[in-house]
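Taking it in order: structure first as structure tokens, then the write-up.
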2 protein chains.
Amino acid sequence: MHDHHEEHLRSSAWITDIVIGMSDGLTVPFALAAGLSGVVDSNAIILTAGLAEIAAGSIAMGLGGYLAGRTEIDHYNAELSREYQEVEVVPEKEKQEVRDVFAEMGLSPETQNVIADEMAKDKDKWVDFMMKFELGLDKPDPKRARNSAFNIGMSYIVGGLIPLSPYFFTQHPIDGLKLSCVVTVICLFIFGFFKAKVTGQNPWTGAIRVTLIGSVAAGAAFFIASLFD
Amino acid sequence: MHDHHEEHLRSSAWITDIVIGMSDGLTVPFALAAGLSGVVDSNAIILTAGLAEIAAGSIAMGLGGYLAGRTEIDHYNAELSREYQEVEVVPEKEKQEVRDVFAEMGLSPETQNVIADEMAKDKDKWVDFMMKFELGLDKPDPKRARNSAFNIGMSYIVGGLIPLSPYFFTQHPIDGLKLSCVVTVICLFIFGFFKAKVTGQNPWTGAIRVTLIGSVAAGAAFFIASLFD
């Protein structure tokens, strides 16, 4: 709500993007490669599938994030015009909505009235207030959608190349898998540790959780693929 | 913030979950299968890779969502104890923070004081207020994390089986790809239409956007795989 947060840790937007992209990037290509390792006898197929997945996943997350950001901007603007119209056409109803917000905060009816009357004096502030506190909408930053898309997509690619790289340097899928497991589990652990640190969680719990998700996903993919084989 | 939203459309939690799971479920396995179709000569490999991806993706999204929900609950509880401690130890600082929140809403210093004094009379309300309006944290629902994980994971599986199913019923990857493109583009369009409808967007724009993301992802995966081949 405002910039002063005592020591409550908040991560910046680009760190959040990297965390989102890398979480899935490390996990899904790792699991896909692991699943294929049990049933195909060529690293080339695993690398092809892995790179196709990284392309698909990074575009789905990056482009998907970009278009979601654009949609959010359209949505914000549509609600903004509607609120301006409402304070014009049904001001008493909108004043009651201001009072409702403060009633929910537990303030007395007298204080609610003081606030609603003061708010009604400035239409821009009033609408700003309704957007933020009635509808829970913050003004979206147009540049944010594009940057976020790029950061998430790139993090997915970087994350995905880590579990895949051992298949470049080995001859047989099972050797690739062994090396990939070692490298990826270490990376998941380190990533989970720092992810928890920047979001203010216990780093060791975070490290174990992220490693667990990746390992369960890889185990399930291996099992499903072997059933099909 | 409160339940009364005029006609501003809000989708319910489980619809949001289905949208999240199905967006990626329709897109990524579709693109992976498309990428492989150009370079392998057996539907069995595509199905194996596709099912391994669906297993990995649904677990990464579902279990990832569940653990993120658990982390959110831990985080909320940690901040809650800290706020209770702060209103006890540094009440004047916390009262100033209440005033800061209302100053940012554009209310006069007199009104800010009235509110801060009233808030300080009830510590539970005061802490509730600080959690929600200073830190922007809503009390997380413990059941929500589990339900959400299940809904997202299942939607990913259902979404992913749609583009994959044609490879069950065809003999050659290129035939599978043709049928998969037809089926998936239709499903992406319908899904995008309803996704936009429930989130209050223009359904036709939504349909085109979702179809576009899926098609670009599949095209990129096909291109990347063919380079590697």
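With the contact rule set at Cα under 8 Å and sequence spacing of 6 or more, what percent relative contact order holds for the stretch B:175-226? The partial results should precede the final answer.
Details: 36 pairs, mean separation 15.8, N = 52.
Relative contact order here is 30 percent.
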**Request:** With only Lys, Arg, Asp and Glu charged, each at its Cβ (+1 for the first two, -1 for the last two), find how big the charge dipole of chain B is about the Cα centre; round to the nearest 20 debye.
**Result:** 1040
**Item:** Theoretical ellipticity at 222 nm over chain B - DSSP helices of four or more residues, -39500 (n - 2.57) apiece, nearest 500
**Value:** -27500 deg cm²/dmol
**Request:** With label points built 7 Å along Cα→Cβ from the Cα atoms of A:Q85 and B:K178, find their separation and express it in nm.
**Result:** 4.9
**For A:22-30, mean number of other protein chain Cβ atoms within 10 Å** = 4
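What is the ratio of the Cα radius of gyration of the stretch B:86-226 to 2.2 N^0.38 Å, with N the residue count, to two decimals?
My calculation over the Cα atoms of the stretch B:86-226 gives 1.81.
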**Whichever lysines have a C-alpha closer than 21 Å to that of B:K121, once near sequence neighbours (fewer than 8 apart) are set aside** = B:K93, B:K95, B:K132
**Message:** For A:D141, place a label point 7 Å from Cα along the Cα-to-Cβ direction in every copy; what are the distances to the other copies, in nm, shortest first?
**Reply:** 3.2
**Request:** Select from A:A13, A:A56, A:I115 the residue farthest towards the positive end of the dipole of chain A; place +1 on Cβ of Lys and Arg, -1 on Cβ of Asp and Glu, and compute about the Cα centre.
**Result:** A:A56
**Asked** Between B:F228, B:V183, B:L135, whose Cα lies farthest towards the positive end of the dipole of the stretch B:110-229 when Lys and Arg beta carbons carry +1 and Asp and Glu beta carbons carry -1, centred on the Cα centre?
**Response** B:V183
**Prompt:** Hey, with R₀ at 60 Å, roughly what FRET efficiency would B:W204 and A:F189 work out to, going by the Cβ-Cβ distance, to 0.05?
**Reply:** 0.85
**Request:** Take peptide A:176-187, look around each residue's Cβ out to 10 angstrom, count Cβ atoms belonging to other protein chains, and average those counts.
**Result:** 0
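With charges only on Cβ, +1 for K and R and -1 for D and E, what is the dipole size of the protein assembly as shown about its Cα centre, in debye, rounded to 20? Mind dumping the intermediate values first?
On the way: 36 positive and 58 negative charges, 358 e Å.
The calculation lands at about 1720 debye.
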**Message:** If I stretch the segment between B:I73 and B:I15 completely, what's the gain in nm (0.36 nm per residue apart, minus their alpha carbon distance), one decimal?
**Reply:** 18.7 nm
**Message:** Rounded to whole angstrom, how close does the nearest chain B beta-carbon get to the axis mapping B onto A, and which residue is it?
**Reply:** B:A49, 2
**Prompt:** To the nearest whole percent, what portion of all C-alpha pairs in the stretch A:10-82 is separated by more than 14 angstrom?
**Reply:** 70
**Message:** When only alpha-carbon atoms are used, what values of Rg and Dmax, in angstrom, describe the stretch B:43-143?
**Reply:** 21.8, 73
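Applying a 10 Å radius around every beta-carbon, put A:30-38, B:192-200, A:18-26 in order of their mean neighbour count, most first.
Numbers: A:30-38: 29.4, B:192-200: 19.3, A:18-26: 25.1.
Most protected by this proxy first, the peptides run A:30-38, A:18-26, B:192-200.
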**Request:** Rounded to whole Å and sorted largest first, list the principal axis extents of the Cα atoms in the stretch B:120-170.
**Result:** 72, 18, 7
**Per-residue mean of C-beta atoms belonging to partner chains within 10 Å, peptide A:213-223** = 6
**Message:** Assume the label is 7 Å from Cα along Cα to beta carbon: what separations in nm does B:I186 have to the matching positions in the other copies?
**Reply:** 5.0
**Prompt:** What order, most packed first, do the peptides A:206-213, B:173-180 have when packing is the mean number of other Cβ atoms within 10 Å of each residue?
**Reply:** A:206-213, B:173-180
**Message:** Using the Cα centre of the stretch B:97-157 as the reference point, and only Cβ charges (+1 on K/R, -1 on D/E), how large is the resulting charge dipole? Debye, rounded to the nearest 20.
**Reply:** 540
**Complete:** Per GNM of chain A with C-alpha springs under 10 angstrom, the most fluctuating residue out of A:S165, A:S108, A:S155 is A:S108
**A:F223 versus B:F169: modelled label distance in nm, points set 7 Å from Cα along the beta carbon direction** = 3.0
**For chain A, with +1 on Lys and Arg beta carbons and -1 on Asp and Glu, the positive-most of A:S37, A:A217, A:P91 along the dipole** = A:S37
**Asked** When the Karplus curve 6.51 cos²θ - 1.76 cosθ + 1.60 is applied with θ = phi - 60°, which whole-Hz ³J(HN,Hα) does each residue of the stretch B:54-66 get, with x for Gly and Pro?
**Response** 4, 4, 5, x, 5, 6, 4, 6, x, 5, x, x, 5
**Complete:** With label points set 7 Å from each Cα along the Cα-to-Cβ direction at A:E92 and A:F150, the distance between them in nm comes to 5.3
**Message:** Please report, for A:N77, the nm distances (one decimal) from its label point, 7 Å out from Cα along the beta-carbon direction, to the equivalent points in the remaining copies, shortest first.
**Reply:** 4.5
**Message:** Just to be sure I understand: with springs between alpha-carbon atoms less than 10 Å apart, which residue in B:M119, B:M130, B:M61 has the highest mean-square fluctuation in the Gaussian network model of chain B?
**Reply:** B:M119
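The numbers here are math on the coordinates, done by the rules we state, and not lab data. Everything numeric here is computed off the predicted structure, so don't read it as measured data. Backbone-built Cβ (ideal geometry, glycine too); neighbour counts: all protein chains shown.
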